[in-house]
1. Has the range 182-190 got any residue that is among the aliphatic types (A, V, I, L, M) and free of Cβ contacts under 8 Å to residues at least 12 places away in the same chain?
2. Can you name the number of the only condition in (1) loosely packed, with under 12 Cβ neighbours inside 10 Å; (2) part of a helix (DSSP H, G or I); (3) modelled with pLDDT under 80; (4) over 43 Å from the mean Cα position of the chain (by Cα) that VAL103 fails?
3. Determine whether the range 263-278 contains at least one residue that is surrounded by fewer than 15 Cβ atoms within 10 Å (Cβ to Cβ) and touching a strand residue (DSSP E or B) at 6+ places or on another chain (Cβ under 9 Å).
4. When you look at GLY214, is it farther than 15 Å from SER254 by Cα, of a type outside the set (D, E, K, R) and out of contact with any Pro (no Cβ under 6 Å at 6 or more places or on another chain), yes or no?
5. Output the number of residues of the range 215-243 satisfying the condition of being surrounded by fewer than 23 Cβ atoms within 10 Å (Cβ to Cβ) and over 26 Å from GLU87 (Cβ atoms).
6. Is it the case that the range 226-239 has a residue that's within 20 Å of VAL186 (Cβ to Cβ) and either part of a loop (DSSP other than H, G, I, E, B) or not assigned by TED's automatic domain parsing to the domain that holds HIS183 (or both)?
Amino acid sequence: MAQQNKDKKVRRYVLTLVEDMTHKPLNSIKFTMPAATLVVINVFLLLCALIYCVIAYTPLRTFIPGYPDAHTKRAAIQNAIRVDSLERVICRWELYSENLRRVVEGDSTVDVASVLSGAGAAMPAASDEEPDGITDAEFRDAVVREEQFDLSSGRKRELPIEGIHFFSPLKGVVSKPYDKYVHPYVDVTAPANSVVMATLDGTVIFTGWNNDAGYTIQIQHSDDIVSIYQHTEKLLKETGDKVTAGTPIALVGSSGNLAVGDHLRFELWYRGESVDPAKYVNF
């Protein structure tokens with residue numbers, strides 16, 4: 001009686017393969033409904049995991065609608081650089097206005113001539129409150145530093161980066177020179193697997209694959225300078241890594257659809273605008 005109750009509770013099924021002509025059984029599988037449900041769930045989860053791995057770790061993710069491509073990421077980097085530059089300008093003028101207010105009210109002994117030489121005739125309105133966490137001596141030191149390196153003063157230079165020493169990222173032959181409107185970069189030909197090095201100290205802000213540029217690495221340097229290395233065979237650094245000038249970051253190759261032979265495509269950007277790397281780097 002107990003055995004009959006057990007058989008009623010657990011229903012078993014048989015899936016049989018039968019030959020069409022002779023109706024001879026070829027193979028059969030016995031299963032229960034809970035076991036079949038568990039197998040279906042496991043197959044579904046395995047299929048989802050496989051699809052996720054294919055999308056997340058292969059270049060196929062670039063075909064997903066809304067996924068940022070290389071141009072979008074470059075625009076975001078340039079916008080971040082512009083925002084940083086604007087914040088510095090605003091901070092400098094706030095410092096000027098506060099320091100001028102102190103001079104007018106007789107609260108400090110700052111050299112007025114040195115302050116007004118870069119601030120102009122118009123004096124911005126200033127708050128009556130004392131800024132938190134900064135002393136008068138710190139204000140004077142900051143103003144002196146701003147006046148010393150103020151780019152709006154009488155003496156102008158073509159680019160402020162001309163005095164910076166750039167480390168050559170690769171020793172080779174420049175096969176395609178810089179053109180600001182046609183190709184804002186230089187192509188440097190070198191043997192395959194030659195070491196590509198960082199041109200300045202900085203932080204890696206992007207590493208990844210692009211269909212046209214291949215394996216790409218971008219480094220943010222001080223003074224709003226960004227260097228970009230494309231068509232490499234292998235990347236040696238990851239996003240967020242700190243690098244110094246001369247640190248190996250990649251190997252020369254010919255990755256990407258636009259690559260012709262083993263070479264390095266090198267870009268140099270200053271304050272959101274491309275500049276000729278050959279003016280500052282000796283390849």
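The values are calculated or read from the model by the stated rules, or taken from the named source; none is laboratory data. Bear in mind the structure is a predicted one, so any value in this text is a computation, not a measurement. So basically every Cβ, Gly included, is an ideal-geometry build from the backbone, and we count neighbours across all protein chains shown.
1. Step one: of the range 182-190, the residues among the aliphatic types (A, V, I, L, M) are 182, 186, 188, 190.
Filter again for free of Cβ contacts under 8 Å to residues at least 12 places away in the same chain, leaving 182.
Scanning the range 182-190, I find at least one residue that is among the aliphatic types (A, V, I, L, M) and free of Cβ contacts under 8 Å to residues at least 12 places away in the same chain, so the answer is yes.
2. With respect to (1) loosely packed, with under 12 Cβ neighbours inside 10 Å; (2) part of a helix (DSSP H, G or I); (3) modelled with pLDDT under 80; (4) over 43 Å from the mean Cα position of the chain (by Cα), VAL103 is out only on (1).
3. We begin by selecting, within the range 263-278, every residue surrounded by fewer than 15 Cβ atoms within 10 Å (Cβ to Cβ); these are 273.
Right, trim to touching a strand residue (DSSP E or B) at 6+ places or on another chain (Cβ under 9 Å) and you get none.
Checked the range 263-278: no residue is surrounded by fewer than 15 Cβ atoms within 10 Å (Cβ to Cβ) and touching a strand residue (DSSP E or B) at 6+ places or on another chain (Cβ under 9 Å).
4. Numbers: farther than 15 Å from SER254 by Cα: no; of a type outside the set (D, E, K, R): yes; out of contact with any Pro (no Cβ under 6 Å at 6 or more places or on another chain): yes.
For GLY214, the condition - farther than 15 Å from SER254 by Cα, of a type outside the set (D, E, K, R) and out of contact with any Pro (no Cβ under 6 Å at 6 or more places or on another chain) - is not met.
5. Total satisfying the criteria: 7.
6. No, the range 226-239 contains no residue that is within 20 Å of VAL186 (Cβ to Cβ) and either part of a loop (DSSP other than H, G, I, E, B) or not assigned by TED's automatic domain parsing to the domain that holds HIS183 (or both).
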